[in-house]
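Everything below concerns the one structure shown next.
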Amino acid sequence: MVRGPGIAEGTTIPEVLGNVDFAPTLLDLAGVTPPREMDGRSFAPLLLGTATTTAKPWRTTFLSQFQSLGLQYFGKNDIWNQSETLPFGETIKAPLAREDDPTQWFIYDNAFNSWVMLRTLNSTHNMAYIEATNSSDPRNPTPVLSYELYDVGRDPYQLTNIYHEQPPSVQADWHTQLHAYYLCQGDGCP
């Protein structure tokens, strides 16, 4: 939700926006040209009603990802009751409370909980394509542990993975698209 000078009350934007679009938009609204290498795109013209048909078409696909970072804090639970050796060599015995907050406990979230998703919403597709990885390098999401493809229009809760029902050419196309978005930067993004 955005409010400000020149933005009509009740304005709704049907275009696909991502969190990477907020920084360029705020810079644009402040009269500052976003750096060319900055990911995302200003949606100020959409807010202000000044978008033109000659402008670069707005995206219909965006990339989202979660990269596991390891040690995290969560509320007390009873499921972790063994010793764990962490990647940096320290061994801790669970449960181990934070010194500054004894109600919080260490939980190690390993890299097998990392994923990259390509979300497409256009006139022909309402899809989510996901590759789960065990990569600790966010620039290299391989090897892929599992592939998922959901028709979000028909399956909004993403309960039925249709990836393996697709022909190899369609599977390869989703993989290629995801990596094009994953490796792009700034103006070089589709």
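The values are calculated or read from the model by the stated rules, or taken from the named source; none is laboratory data. These figures come from a predicted structure and were not determined experimentally. Heads up, the Cβs are rebuilt from the backbone with ideal geometry, glycines too, and the neighbour counts pull from every protein chain shown.
Filtering the range 1-34 to residues that are within 22 Å of Gln65 (Cβ to Cβ) and out of contact with any strand residue (DSSP E or B) (no Cβ under 7 Å at 6 or more places or on another chain) leaves Glu15, Leu17, Asn19, Val20, Asp21, Phe22, Ala23, Pro24, Thr25, Pro34. Listed by first and then second residue, the pairs linking a residue in the range 167-178 that is in contact (Cβ under 8 Å) with a residue 24 or more places away in the chain to a residue that is in a helix (DSSP H, G or I), with Cβ atoms under 7 Å apart and 6 or more places separating them unless they lie on different chains, are Gln171/Tyr163.
Kindly establish whether Thr50 is over 28 Å from His179 (Cα atoms), at pLDDT 80 or above and out of contact with any Asp or Glu (no Cβ under 9 Å at 6 or more places or on another chain). So Thr50 passes the test.
Here is a yes/no grid of residues against (1) at pLDDT 55 or above; (2) surrounded by fewer than 10 Cβ atoms within 10 Å (Cβ to Cβ); (3) not assigned by TED's automatic domain parsing to the domain that holds Thr120:
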residue	(1), (2), (3)
Val2	yes, no, yes
Thr11	yes, no, yes
Gly18	yes, no, yes
Ala23	yes, no, yes
Met38	yes, no, yes
Gly75	no, yes, yes
Asn81	no, yes, yes
Gly89	no, yes, yes
Ala94	no, no, yes
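Within the range 110-137, how many residues are at pLDDT below 90 and either β-branched (Val, Ile, Thr) or surrounded by fewer than 14 Cβ atoms within 10 Å (Cβ to Cβ) (or both)? Qualifying residue count for the region: 8.
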